[in-house]
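The numbers here are math on the coordinates, done by the rules we state, and not lab data. For clarity, every value in this text was computed on a predicted model and none was experimentally measured. FYI the Cβ positions are ideal-geometry reconstructions off the backbone, even for glycines, and counts take in every protein chain you see.
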């Protein structure tokens, strides 16, 4: 490779990244539209576009409302759209959180699922369902989801706290304490289920993870966490590059390591907790998506973060669509699909890591 | 001009004191070698200077400002660090890693500019890594990655460069090139370099100042001549070492000797006839075996003379490059006559030192056991027109033992010594049982001598 060529490639990085992002966002948009088309009632693409167009203030006048049946509009706007958007937001949030965790812990195995977020959310959810009046709502959200959010957040912080050695969090202690806390929470969960003796169909369905009962309120609740979280993280993507070289190296390169690390960990944990609270246990998104994106476009977080978020959104929207159509009558939980895809991938990573990655 | 002042620094890990009262003033252009045995606090000192470990006590001033009151980004513009551990988990390309060195000079949302690219290219050429630019760093060899990381540090355009064992992964040519590069940055650009170096000779060759740490304290600091003495090395590293000046590079160099074995002293004197370095190893080995050695006649400045001085072996010496005079010859003969054994190495013989052979011949006639190491045939190293060769023949006739290789000598000498001890005991003790033992010992010894 000639010298000028190397410099050329790097000089054009910025515009290349923009092209990648625009292409990915377009792909996501297409995925969303196609996903809106999938479901029990068949609604044509032209109808979907018309219904969506009507929602946009400037366009609403120019759209012929006559072709839209009220029931189709209700299905799209009240059922499918929130569901699809929730999947996209949760996917983006989990993937972005995964990018942050992996960068900060210098390891492509770190993931919010391993950090106990989902197990914490489950326990919180079950406590709320079993022991707290379900009539209670907090800012319009169900008490169960609020509990899930809080418990997910607390669990992640607990795991981070346990695995902390001095000022650093070694990945080995992190994974181990994640496993231990996960097991403990699972035991709690089982205990509660046995003790309650009730039919826990609601909890079990929620545990499996999915977007079948999503309402707009939940979309609005999770949106600020994901959008603002990713936006703030984007300010620190170059720092994240250097943090992935190790804390001391990052510090020597001028990064305010303590502050950036704490801030990003809080953001990632908030995004995770918010996502898990509305979607239930959806594993491996934060693991697979950043890793695959990194393989495709390289490890620079300036592109990795936004690209992973978009790819994560696409991935969950597709998984959710598959969940809807895979089995005829009853839906497949999305968490089952991601786990089916994720586990073999995780094993592949473990095997591969032996040669390529060091702890 | 950059300056770095370390004053009374004490560092702890938890309650364990690692460094105590370290003070050092470094000025622009200094290349400081931080030396010391494992666990003496070298890395800890470097960590406290690189702001990774805040001192428990004491201050570190960078350009007269408290280092720990500055922001990371301000320090990173001045100071770059090459850490001991160079693993990188993600597949950044070498160029991307080097460009990270530009971070302190960039605004938050600024992409690297053409100028940053020029700097990266320059430092990668300096460290001989430009050809690796588009390779992922986690697929590079340890040495390649190390040079990339040094390039990243240089891309910061630092005034102070801290290196923790920078040569660990490097082969010899890269070690020299990297040290050359750092040295030239100190000399030409007036930067300060501080490096933890385990190879004393590389430190001696490239650093202009040294800091020798021992058990967390400064044992010696200052110029190389002051710090790198064989006494200091002996005390701190527990190793005997000879410190000399290299005639080619004009730098100090250190020859470490293997750690002394503690054999009990033997009541047995051996006189060594050698020269030109042929006796150096032997002196060390026989001394470790516990023999009391003498040597001579040797010219002052001869390598063997310096070795003997270093090992505190009494030497009969002659002025440099002078033939042996009658006075030194007879003094030397007296020593030989009093010795239990004589060892003659395969030193070349000329008219200057021929009298050593003559003295040995006299001693042999008195019955002193003599061993002649005959690694090179005498006719090759006889510059006396056959006189030395003839003397060798005579020595052989009178019972001197010829040995093909010096490494066989210690065993032979030990066996002879044991035999003499037994004989001595046999004379004083009850005859009979002991004598039989003597005979048994004698058999293998004889066998060896005939070989």
Calculated FRET efficiency, residue A:195 and residue B:172, Cβ-Cβ r, R0 56 Å, to nearest 0.05? 0.20
Cα gyration tensor shape for the protein assembly as shown, rounded if a/c is under 1.5, else prolate or oblate: prolate
Considering the convex hull of the alpha carbon atoms of segment B:3-256, report its projected area averaged over all viewing directions, in nm², one decimal. 14.0
Only Cα pairs under 8 Å and at least 6 apart count here; give the relative contact order of segment A:84-356 as a rounded whole percent. 34
By average C-beta atoms within 10 angstrom, highest first, the peptides A:300-312, B:22-34: A:300-312, B:22-34
Shielding by other protein chains, B:84-95, mean Cβ within 10 Å: 6
If neighbour count is taken as other Cβ atoms inside 10 Å, put B:168, A:155 in order from fewest to most. B:168, A:155
Counting other C-beta atoms within 10 Å, which of B:371, A:131 has the fewest, and how do the rest follow? A:131, B:371
Just counting partner chain Cβ atoms within 10 Å, what average do the residues of peptide A:253-265 show around their Cβ? 3
Arranged from highest to lowest average of other beta-carbon atoms within 10 Å per residue, in what order do the peptides B:286-294, A:264-272, A:235-243 appear? A:264-272, A:235-243, B:286-294
Please give the helix B:142-155 orientation as an angle from the longest Cα principal axis of chain B, in degrees from 0 to 90, rounded to the nearest 10. 50
Pull out a ≥ b ≥ c, the square roots of the eigenvalues of the alpha-carbon gyration tensor of chain A, then state rounded if a/c is under 1.5, prolate if not and a/b is larger than b/c, and oblate in the remaining case. oblate
Rounded to a whole number, the mean other protein chain Cβ count within 10 angstrom for residues of B:100-113 is 4
Compute the relative contact order of chain B as a whole-number percentage, counting only Cα pairs closer than 8 Å that sit 6 or more residues apart in sequence. 12
At 37 °C and 0.692 mPa s, the Stokes-Einstein diffusion coefficient in µm²/s for chain B, with hydrodynamic radius from the Kirkwood sum on alpha carbon pairs, is 125
Looking only at segment B:262-358, where both bridge partners belong to it, what percent of the DSSP beta bridges are antiparallel (to the nearest 5)? 0
I'd like the orientation of helix B:387-397 relative to chain B: the angle between its Cα long axis and the longest Cα principal axis, in ° from 0 to 90, rounded to 10. 60
Suppose we keep just the DSSP beta bridges with both residues in the protein assembly as shown; what percent of those would be antiparallel, to 5? 45
So what does log10 I(q)/I(0) come out to for segment B:269-426 at q = 0.12 Å⁻¹, using the Debye formula with one equal point on every Cα and no solvent? -0.45
Ranked list, fewest to most other Cβ atoms within 10 Å of each Cβ, for A:285, A:317, A:341: A:341, A:317, A:285
Segment B:3-256, relative contact order [Cα under 8 Å, separation at least 6], %: 26
Beta bridges per DSSP with both ends in chain B, % antiparallel, nearest 5: 40
